[in-house]
Amino acid sequence: MKLSFTIFFAFILSGLSMAQAGNDRLTEVKKLSAKEGDGWVKGAGIGLDFTQLALINPRFGSGENKIGFGGLGNLFANYKRDKIYWNNAASMQFAVQQIGISSNPFLKNLDRFVFGSKIGYKFNDKWAAALDANLETQLTPTYQGNILKPTKGESIVANFFAPATIKVSPGIDYLATPHLTFFFSPASLKLIYINDQKIADLGIFGTKANDNGIGFKKSDLQLGANLKGIYTNKLFNDKLMVNSVLDLYSNYLRNPQNIDVNWHNDFSWNIYKGLALNLLVDVLYDDDILVQVDRNKNKIYEPGEEGKRPTIIQALLIKYNLVF
C-alpha cells in the first residue's frame, strides 16, 4: 500500500514580496491591502506533507518501507502609515523520513527557519530609504548522518542558533516597475554565530580558528554590500504566478569577489479556484560555509567530504490558496 499526499493551505493578507511568503495571489492581496488602509495587516499559512510506503513480504529488489512527514509554515505582519512601511515575515520548513525497519533512525530532509523585517520611508513612488534585517537558522538538533537522534553515539553537527546567520542592511529601495524592485545596501553587516562550542570546533560554518590554534571561534562578523532583486508577476491570463527573489552579498573583509547567493523561486500554476501546482526552487551559496559533498559518488555524505558548493532545494507540491 502506498499513500502520498501534500496539502498546503496559504492564508494571505499582505502584498509582501519576500521569498518565504510564497504569495501567488498578488493582485487580490494588493486590492485587499488598499481596502484596509493604514495600520497593521497580518496573515499566516501552514502546510503539511506526509508520505507512507509499506511492503509485506517484498520481492527481492522491490524496495523498502518508508514513512516521512513534514510541514511548512509562514507568518507575516505588515504596517503602513503615510510614507512609512514596516514588513515582517517568518518561514519555517521541517521534514524527516525513515527508510527500512522501524528501528532505523529518522533522517532529516529539511530544517530551516528564516525571519525577515524591513522598515522604510518613501521619498516618492520610486525611491525609499530602508533598513532590511534577516535571520536564518534551523529548529532542531542534527547529528552525523543527518539523523534526528543519535543511536550509536553520533556527534551533533548543527542545532538551533548553531549556526545562525544574521544580516542588517541599511540602504535604498527602488521600485523599477510594478513587478520589479531592487534594494541596495553599501554597508551591510553580516554575523555568523554558533552558540555551541562543540559545533563551532567542527570548523565548517565560516568562523576562524582561535588565536591559540585550538578550536574555532563562535562568531564571525562581516562588512559588505548587499543587493536584492524581487520579481513578481502573473502570466498566461493570470494562470502562472512567478515570484523570484535574488539576494547577493559581497564581504569586503575577505574574498569580496566570491559572492554569497540566496535565490528563491516560486512558480505556481492555478489549476482550479485556488488549487495550484507549485514548483519551489532555492539556490544557496555562502563562501564561508562548508556543505556536504559526495566526493566518491557512493550517494552517502561521509565525514571529511565537506566542501564549498551551492545548495539546491527543490519541492513540487499541490497547494490550496485562500485569500480573505
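For region 186-200, putting each phi into the Karplus relation 6.51 cos²θ - 1.76 cosθ + 1.60 with θ = phi - 60° gives couplings of x, 9, 9, 8, 10, 10, 9, 10, 10, 8, 10, 4, 4, 6, 4 Hz, in residue order, rounded to whole numbers and with x for Gly and Pro. In whole angstrom, region 98-158 maps to an equivalent ellipsoid with semi-axes of 44, 12, 6, each derived as √(5λ) from the alpha carbon gyration tensor and ordered largest first.
In this structure the amide hydrogen of Phe216, modeled in the peptide plane, comes within under 5 Å of the amide hydrogens of Asp201, Asn210, none closer than 5 places in sequence on its chain.
So which of Lys167/Lys234; Lys83/Lys126; Lys167/Lys308; Lys83/Lys228; Lys198/Lys228 end up more than 23 Å apart, counting from Cα to Cα? Could the numbers behind the result be given before it?
Numbers: Lys167/Lys234 30 Å; Lys83/Lys126 12 Å; Lys167/Lys308 21 Å; Lys83/Lys228 21 Å; Lys198/Lys228 34 Å.
Violating the 23 Å limit, Cα to Cα: Lys167/Lys234; Lys198/Lys228.
Normalised Debye scattering of region 82-228 at q = 0.12, 0.14 Å⁻¹ gives log10 I(q)/I(0) of -0.66, -0.81, counting only Cα atoms as equal scatterers and leaving out solvent.
With all projection directions averaged, the alpha carbon convex hull of region 174-274 covers 9.8 nm². Of the trypsin sites (Lys or Arg not before Pro) found in region 115-185, those in coil by DSSP whose Cβ has at most 14 other Cβ atoms within 10 Å are Lys126, Lys152.
In order along region 91-107, the phi-based Karplus estimate (6.51 cos²θ - 1.76 cosθ + 1.60, θ = phi - 60°) of 3J(HN,Hα) comes to 10, 10, 9, 8, 7, 9, 8, 10, 10, x, 6, 5, 7, 5, x, 6, 9 Hz; Gly and Pro are listed as x.
Applied to region 275-292, the Karplus parametrisation 6.51 cos²θ - 1.76 cosθ + 1.60 on θ = phi - 60° returns per-residue 3J(HN,Hα) values of 7, 9, 9, 10, 10, 10, 9, 10, 10, 10, 8, 10, 5, 9, 10, 7, 10, 6 Hz, with x for Gly and Pro. By the count of other C-beta atoms within 10 Å, a proxy for reagent exposure, Trp263, Trp40 are ordered fewest to most as Trp40, Trp263.
Bear in mind that the values in this text are calculations on the coordinates, not laboratory data. Since the model is a prediction, treat every value here as computed from it, not as a measurement. Cβ sites come from the backbone with ideal geometry, for glycine too, and all protein chains shown count toward neighbours.
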